[in-house]
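**Student:** Structure in structure tokens, see below.
Just so you know, all these numbers are worked out from the coordinates, no wet-lab data involved. Every value quoted in this text rests on a predicted model; they were computed, and no experiment measured them. Because the Cβ atoms are built from the backbone with ideal geometry, glycine has one as well, and the counts that use them run over all protein chains shown.
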Amino acid sequence: MALAHAGKTDVGRKREHNEDAFLINAKHGLFTIADGMGGHAAGEVASRIAVDVINEFIEISGDDSDITWPFEFDDGASMEENRIFTAIKLANMKIFEVIQERKELEGMGTTLVTLLINGDSAFIGHVGDSRAYRVREGELEQLTSDHSWVNEQMKLGVLTKAEAANHPFRNVVTRALGGRDPIKADLTCEKMQAGDVILLCSDGLNSMLSDEQICETFVSVGDDLEAGCQALIDAANAAGGDDNISVVLARYEADPA
Ligand code: CA
């Protein structure tokens, strides 16, 4: 599988801690960003648990197809979809368990976006307002729909995109990992074309930059994905850097010969 990739996270200009975490596991075609929340550094704990638990399960389930599935296998879904749903459920449970053991972490949680690439198929799971976009031939398209209060109001026609971007509740997510209840992730599958780039980000990027600015910034850098991550982070910081900023880029180079 010919993939080029890069990832970077930055504390931004206003926060003291970076509560985002990202993880790239190229061998397994796995790319994840988590954006933690909760006081006293708890957000950092939640986002780190999420990316680590997901990585561990994707590795185990990729290396050994005879594993015992911790939850019922959904025969109506593909292997990759089952792996992602299960990994996210496990991460949710682990965060909740840690909260039970360490009361000072009560209230911690995290959003999550995870990309699993197998051949020319890109499986994307998400919970909360961390996003996945695709850049194809210079055009940016958002692939995920935020689990956020403002996005729900936009879908109902109550808020416009411009109103949502400036709304005092714009940071309120309606789904996050770390609760007692089973988590429901959204999952989408996209067929990749050679040259497609999947861009994952925490809301510290897209709350500072419009989709047009994200696209322009990324495209202006050219093929260097490390430079692309840095340019996007620099642009978000130049626009204020109100939040932690994480960017992961994965480019599908070509169909395997
Ligand atoms: Ca954030």
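**Student:** By average Cβ neighbour count within 10 Å, what is the ranking of 85-96, 131-142 from highest down?
**Tutor:** For the peptides 85-96, 131-142, the packing ranking is 85-96, 131-142.
**Student:** Further question: Highest mean first, what order results for 239-248, 168-177, 205-214 on Cβ atoms within 10 Å?
**Tutor:** 239-248, 205-214, 168-177
**Student:** Which log10 I(q)/I(0) values, to two decimals, does region 48-178 give at q = 0.11, 0.14, 0.19 Å⁻¹ under the Debye formula with one point per Cα?
**Tutor:** -0.50, -0.77, -1.15
**Student:** Still on this structure: Short version: what are the Cα gyration tensor semi-axes of region 159-257, square root of 5 times each eigenvalue, largest first, in whole Å?
**Tutor:** Each semi-axis is the square root of five times an eigenvalue, giving 26, 21, 12 Å.
**Student:** Per 0.36 nm of contour for each residue apart, how much would the distance between GLU106 and ALA239 grow if the chain were fully extended, relative to their Cα-Cα spacing?
**Tutor:** Extra length available between GLU106 and ALA239 comes to 44.6 nm.
**Student:** Once fully extended, how much extra length lies between GLU253 and GLU16, figured as 0.36 nm per residue of separation less the alpha-carbon to alpha-carbon distance?
**Tutor:** Using 0.36 nm per residue and subtracting the Cα-Cα distance, I get 81.6 nm.
**Student:** Right, another one. Rounded to whole Å and sorted largest first, what semi-axes of the equivalent ellipsoid does the C-alpha gyration tensor of region 1-114 yield via the square root of 5 times each eigenvalue?
**Tutor:** Ellipsoid half-lengths, sorted descending, are 26, 19, 9 Å.
**Student:** Taking +1 at the Cβ of each Lys and Arg and -1 at the Cβ of each Asp and Glu, which of SER148, LEU187, ILE214 sits farthest along the dipole of the chain towards its positive end, judged by Cα position relative to the Cα centre?
**Tutor:** Looking along the dipole axis, the top candidate is SER148.
**Student:** Work out the count of Lys pairs in the chain where the Cα-Cα distance is under 23 Å, with the pair 8 or more places apart or on different chains.
**Tutor:** Going through the chain pair by pair, I get 8.
**Student:** Right, something else. Could you tell me what a quarter of the Cα convex hull surface of region 205-252 works out to, in nm² with one decimal place?
**Tutor:** Its Cα hull, projected and averaged over all orientations, spans 3.1 nm².
**Student:** Moving on. Across bins of 5 angstrom width beginning at 0, how are the C-alpha pair distances of the chain distributed, in whole percent?
**Tutor:** 1, 7, 14, 18, 20, 17, 13, 7, 3, 1, 0
**Student:** Compute for region 156-211: radius of gyration divided by Kirkwood radius, i.e. Rg/Rh, restricted to C-alpha atoms, rounded to two decimals.
**Tutor:** 1.03
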